[in-house]
Amino acid sequence: MIPELGQFALILAMLLAGLQAFFGIVGPAQKRDRWIAAVTPAVSGQFVMVATAMGCLVASFVANDFSVAYVAENSNSALPLFYRVAAVWGSHSGSLILWIFLLACWTLAAAFGTSRLPKPFASRVLGVLGLISFGFLLYTLATSNPFLRLDPPWPDGEDLNPILQDPGLAGHPPILYTGYVGLAVAFAFAGAAMLEGRLDKDWARWTRPWTTAAWAFLSCGIALGSWWAYYTLGWGGFWFWDPVENASFMPWLMATALIHSLAVTEKRGLFKSWTLLLAVLAFSLSLVGTFLVRSGVLVSVHSFAASPTRGTFILAFLIVMIGGALALYAWRAPLLKSDAGFELTARESFLLFNNILLVTACATVFAGTMAPLISSALGLGKLSVGPPYFNPTFLLSILPLLALLSVGIHARWKRGSLGDRARVLILTLIVAAVIGCAIVFGLFTGGRVLSPIGVGLGVWIILSSLIDPIDRLRRHITIPRAVLGMTIAHIGLGLFVISITSVEAFTAESDVALAEGATAKLGAYEFRFEGVKPIEGPNYSGVGGTVIVTRNGAPVGVMRPEKREYWVQHTVTTASSIRMYRTSNILIALGQDLGGGRWSLRLQVRPLVTFIWLAAFIMAVGGMVAISDRRYRSARVEAPAVSPVGAVTRSEAG
Amino acid sequence: MAALVASLFLWARPAHAIAPEQMPTPQLEARYLALIHGFRCMQCQDESLADSPVNLAADMRREIRDMLLAGKSDEQIRDFMVSRYGYFILFKPPFVLKTAWLWLTPGVLLLVGVITALTVIRRRAALAATDLEDNDLTDA
Amino acid sequence: MNRFTIPLVAFVLLVAVLAIGIRQSPEKDLIPSPLIGKPAPDFSLPSLTDPGQRVSSTQLRGHWYLFNVWGTWCYACRDEHPMLLKIRQAGVIPVIGLDWKDDRGDALSFLKDQGDPYQSIAVDHDGSEAIMWGVYGAPESFLVDPQGIVVNKFIGPITEQQWQQQILPRLSMSAAPASAASSS
């Protein structure tokens, strides 16, 4: 009964999405007010239907309804309730429902958010969103219906993949998808502008908060995924340049470029066609990413169970949405010109380089990800591209970006000249360089040439970001939320750079074979192995090891790595033990039983690794703070004028 | 009960990730680690030989270890693997005619990007020079 | 074409690549072997049936053979077994087995129960021989010519289609020059 209701709700949702798309796009074109008025009800109706469908799926999982094929494939009666709910998006079909649900949420939010904007424009935005919803709902119903029944129903389910039985599953996909899907709003704003044939500073101001919000969620989602991989896969890696990881990283890079480009368009009406293109490309990369993960064209440990049919369908969808948007772009973009000028050392110039470098980085990741596909399609043989390619080529674009950042945030619009700021800036550079070398050569041993550069750049970014806020506080001038948000986000980035450099340079790891009572040494740490004993969990059993960790004799703690075998799927997973001690992470993973009470263990000490994810979170927080600035609340009112403190102004110069 | 659980692990095919044999000298150890991190596991194609839990990976690690102890160079070991499994086994794509485009793309794109940026800036700077008005432009 | 159509053109190219990718995706896990066209590795390994005897590549020089890597722990190998028996019955090419990381007792009783398609079986106890051939899964089979060159590699169970279209034609092709020489 409930699955049928869910399926019916999906069909209704698809029809409503179709109406939303039709009325939203054709209404303004034909200047039919009644059609325009019908858009928001369609949005609400679609949301209700999608929420119903989602609810039905969740209910089926909670109730252990194994007559539903999707539930039977992904759940089990022994699965704890928490994971029964999370299992809803544990596999392809359910994750699509999550996608569609989040898109409906964003669309509803967009309907509220654009309610005070000009009606034709707002309805076009919602119309484009409706088109996307329609496509996804059609795809789901045609190829990936989660409500299909099994006849006869299975007595019990196949259980959720044990690697997914982890709190990470509850957080990572929903938050990541919120980001992915959120970029559709920016895409819709771009589409609406192209349909209208008009794009101005107001458009940029309207689009900015939506883009930044999606970007913030994407940042958190990617960081969560990385953290989850770190503690669940057992050997301490947190980024592998895996195709699916890249599929989420590329939209992020594009969205970052878009946020900065929107700033220029909003402020000076420049880079209009470029910003438009970025808005289209960011969500397009989300869609391409969806394709890569579900079509089976790439080898990846993350990819969903794929099939060529699903792949072909998504490809058709891509052709319509992205091809359509780019065709519109080719037609409309030439109309967008501006005569504004700026100097070489002006803020616009720095932001231009920001964009060029971010887009180049994105294109590099794209090339590496697609290389196996391209090589095999052109008959050039089977290629494999891994971290040894991505790391150096990515850094090639990113290092200049990081170096320019500290200077760029002080550049004024239109005219260059940093004025008094230049001196403070050089001072911070020297301080950063000193700290960089001190940390690298003083605190730790080892590291490479890039290590002091990495740490130094990160420190400089943080110090440079603090100059303006501190100056304002000194002069008792309020800091606008937009500036505060930017500061927080950049500080987060600086911290991120410092953390990653440290982790890459100073990680100590070792694989050892220990008998009960034996001790291994790694750096200043000592690990005494106390043997293993059997353990049992709600749906697994296995062995748990005990390791007593000390540092220079002082106790750090007792760590218990485990190996679990899940009953239903008979898979063995490594539940490594991770502990934070001061600013480092200690990881211990159980290897294999070597017989005679001896076990192999992997030991790892990683300094500052937790700060990586904390930094990403700080960046996201910065973004959200920036959105809350007053200027985004109103539709048309001009932003209050606030002078950049400390820089030379024309009137002061006389 | 413990025996039952232990026997489950002997039956389960995957021999989990770690290669506990250590090399006699730190230099060899470093070379060994670098090599096993640079080869793709052919069965779990998304993992390196160092991290893969399957038996084939354990066998390959042993072969690499034996070759290192026999005095083979890193290049000889790499050639050994590539001649049997193809370039696919390397995480780092080689720089040969078929893959040159991949290695050159980032540099070329960066160059094109920088030239484009400078061209745009030159045009805009000219416009700024003729524009005498200076509206009070705020930050962020 | 102005610069605003560049993204669209690039996208069309991308779609073409993705479409080819979909078409090729069922075979994406098959890694082509670099051994094809190169000499097969020389080997001399203990025989499964008689550990005192050795199975070596020098014995096999001068005629075609099919080198089949298998193990009793491998389910797909059991699926392939009837096909191997059929090949043995056809009698045109010997099948040499490589028992890969297997238990001797299990292997012998399996062959006794299911039939033995092999002319001889070499034992690879620790997996090093399989690595010499670039094997990464079972079953895998190599078609080797009388000069000892690897002509083809089959990943997964040999199918009837492969037997008819890829193995038999090679055998009769190399037989043809001999008969042409004798008729002249």
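Worth pointing out:
- Compactness relative to 2.2 N^0.38 Å, alpha carbon Rg of region A:508-609: 1.07
- With the convex hull drawn over the C-alpha atoms of region A:20-141, the volume per residue is 90 Å³.
- Cα-Cα over 32 Å, subset of B:LYS92/C:LYS38; A:LYS563/C:LYS101; A:LYS382/C:LYS112; B:LYS72/C:LYS86: A:LYS382/C:LYS112; B:LYS72/C:LYS86
- Listed by Cβ neighbour count within 10 Å, with the fewest neighbours leading, C:CYS74, A:CYS437 appear as A:CYS437, C:CYS74.
- Nearest-0.05 FRET efficiency for A:ARG116 and A:ILE11, computed from C-beta distance (R0 25 Å): 0.15
- Neighbour-count order for A:SER226, A:SER284, fewest beta carbons within 10 angstrom listed first: A:SER226, A:SER284
- When Rg and Dmax are taken over the Cα atoms of the protein assembly as shown, they come to 31.2, 108 Å.
- Taking Cα centre as origin and charging only the Cβ of basic (Lys, Arg, +1) and acidic (Asp, Glu, -1) residues, the dipole magnitude of region C:34-174 rounds to 440 debye.
- Rg/Rg_globular for chain C, with Rg_globular taken as 2.2 N^0.38 Å and Rg from C-alpha atoms: 1.31
- Projected label points at A:ALA109 and A:LEU466, each 7 Å from Cα along the beta carbon direction, are separated by 3.2 nanometres.
- In chain C, the longest principal axis of the Cα atoms and the axis of helix C:104-114 are about 90 degrees apart.
- Highest mean packing first, where packing is the average number of other Cβ atoms within 10 Å per residue, the peptides A:206-219, A:65-78 line up as A:206-219, A:65-78.
- Rounded if a/c under 1.5, otherwise prolate or oblate - region C:1-88, Cα gyration tensor axes: prolate
- Projected-area average for region B:22-89 over all orientations - Cα convex hull basis, square nanometres: 4.2 nm²
- When the helices of chain C are scored as -39500 (n - 2.57) per DSSP H run of n ≥ 4 and the total is divided over every residue, the value at 222 nm lands at -12000 deg cm²/dmol.
- Fraction of alpha-carbon pairs over 14 Å apart in region C:19-63 - percent: 68 percent
- The distance separating the Cα centre of region A:51-90 from that of region A:132-196 comes to 14 Å.
Rule-based calculations on the coordinates, nothing more; no lab input. Given the structure is predicted, the values throughout are model-derived calculations rather than measurements. Note: ideal-geometry Cβ built from the backbone for every residue, glycine included; neighbour counts use all protein chains shown.
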